[in-house]
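All remarks here apply to the structure that follows.
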Amino acid sequence: MAAKAGGERVGYRKGYTVMSQASQKVLVTGGAGYIGSVLVGTLLTGGYQVRTIDNLSFGGESLLPHLGNPHFELVKGDITDSEAVRGALEGMDAVVHLAAVVGDPACAKQPELAVRVNKDASELLCQAAVEKRVKRFIFASTCSNYGKMPDHNGYVDETSLLRPVSLYAELKVGFENFLMAVRREGFSPVCLRFATAHGMSPRPRFDLTVNEFTRDLVTGRKLEVYGEQFWRPYCHTVDLSRACLMALEAEADRVAHRAFNVGDTGENYQKKTLVEMILAELPRVRNNVNYIHREEDPRDYRVNFHKIESALGFKSTRKVIDGIREYIFAIASGVIADPHDRRYSNL
C-alpha cells in the first residue's frame, strides 16, 4: 500500500475476503510493543478487525505474523502526530490505548518526551476519539498509581487513595482523571490499572522485574536485589491482553467510567519470593544472589483484584512461575540468542 500523509499504512488485501463491515473495528495504539503485540494477536483470533498505530521505535518484527492478515492494518505513525491519529481513528468502534513512554526509569530519563506522549498525545487521542464517535476507549493505566500503601500488611483496591511517586504514575493518574471527566452519550471510557507485566511476548522485554531476574540468573550473572521485602503485583502479558478483550466485550454499564485493577490477588509477591521461585528452577546459581536491604521504598503496594473478577469474571490463567519457565526455556534453548541485547529494553 502506498504511503499516505499522516502515517504510512501497511496491509495486504489482494486475494482475501475482508470481514463484514459489521465486525467490530479496534484501534490499538502501541501494537508492536510488549503487551500490544500480544493483544493484536488476541483480538485477531477473537474475530476483530484490528488497526494499530505505532512509530516502531523498538522495531516492528513482533507484527510480522499479522502483515498478511486481511483483518489487520498497520499505520506507521506517532501518536503525537494529530493527523496520523485522526486518520488511524477513522471508522473505528473502539480504542485500546497502550502507546506510552513506559515505566519509571524511561520517564525519568526523558521527562519532556514522557509529558508529550503520556499526557498531551493521550488527551489528543481521547478528544479525537470522541469526535470520531468511538464507542469504547480502554486506557492501559498502572497499579504504580498506588505508590506506597499505608498499611504494609494490607492491600489497596480501586477505592484507595492514589499516591503517585514518579512522573510515570503522575501522568497515568492525570490522564485517568482527564478520561473519566469526558461525558458523551455512547462513549464508554475504561481505565485498566495493570499489575507489573511479565511473561513471553513477540517483543520480549528484560527491563521488567521477573524477566530481568530470570535472565540474569539463567545466564550466570550476579543478581543484586534491592529492598527484597517490598511488594508488587504481577500479571502475565496473555492475561493483561485478555483483560482488554473482556473490557471491550462487556456491557457498557458494567465498565463505563470505571477503573479496574488487572491481575490476581494471589500474584502479589515480595522480591525475595520471586528470586526463590527462580532459584527453585535454577538451584545451582543460588550463590549468585545478593540481597541489599533497604528500609524505604516509595513504591510498596499489595493489590486486591476482586473488582475485576466480580464485574467481568476475570482471573489470571498464567502465574509468575509460568513466565519464569518461559524465559528460562527461551534463553537456555537459544530461541533468544542474546537476552542482553538493547532492543529488549525500553531504556
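Here are the numbers for this structure:
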quantity: Of the criteria (1) touching an Asp or Glu at 6+ places or on another chain (Cβ under 8 Å); (2) surrounded by 24 or more Cβ atoms within 10 Å (Cβ to Cβ); (3) among the hydroxyl-bearing types (Ser, Thr, Tyr), which one Ser166 fails; calculated: (2)
quantity: Which listed residue, of Arg242, Arg343, Arg299, is of a type in the set (D, E, K, R), surrounded by 14 or more Cβ atoms within 10 Å (Cβ to Cβ) and under 21 Å from Gly33 (Cα atoms); calculated: Arg242
quantity: Residues (over 21 Å from Arg302 (Cβ atoms) and among the aromatic types (Phe, Trp, Tyr)) located in segment 192-235; calculated: Phe206
quantity: Residue satisfying all of: in segment 287-306; touching a Phe, Trp or Tyr at 6+ places or on another chain (Cβ under 6 Å) and more than 15 Å from Leu223 (Cβ to Cβ); modelled with the lowest pLDDT among these; calculated: Asp297
quantity: Helices (runs of 4 or more DSSP H) completely within segment 42-151 that count 3 or more residues being closer than 24 Å to Leu248 by Cα and among the hydrophobic types (A, V, I, L, M, F, W, C); calculated: 82-89, 122-131
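Conditions tested, residue by residue: (1) closer than 27 Å to Leu125 by Cα; (2) touching a residue at least 60 places away in the same chain (Cβ under 8 Å).
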position	(1), (2)
Glu185	yes, no
Leu192	yes, yes
Phe213	no, yes
Val218	no, yes
Tyr234	no, yes
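The values are calculated or read from the model by the stated rules, or taken from the named source; none is laboratory data. Source: prediction; values computed, not measured. Cβ atoms come from the backbone with ideal geometry, glycine included; neighbour counts cover every protein chain shown.
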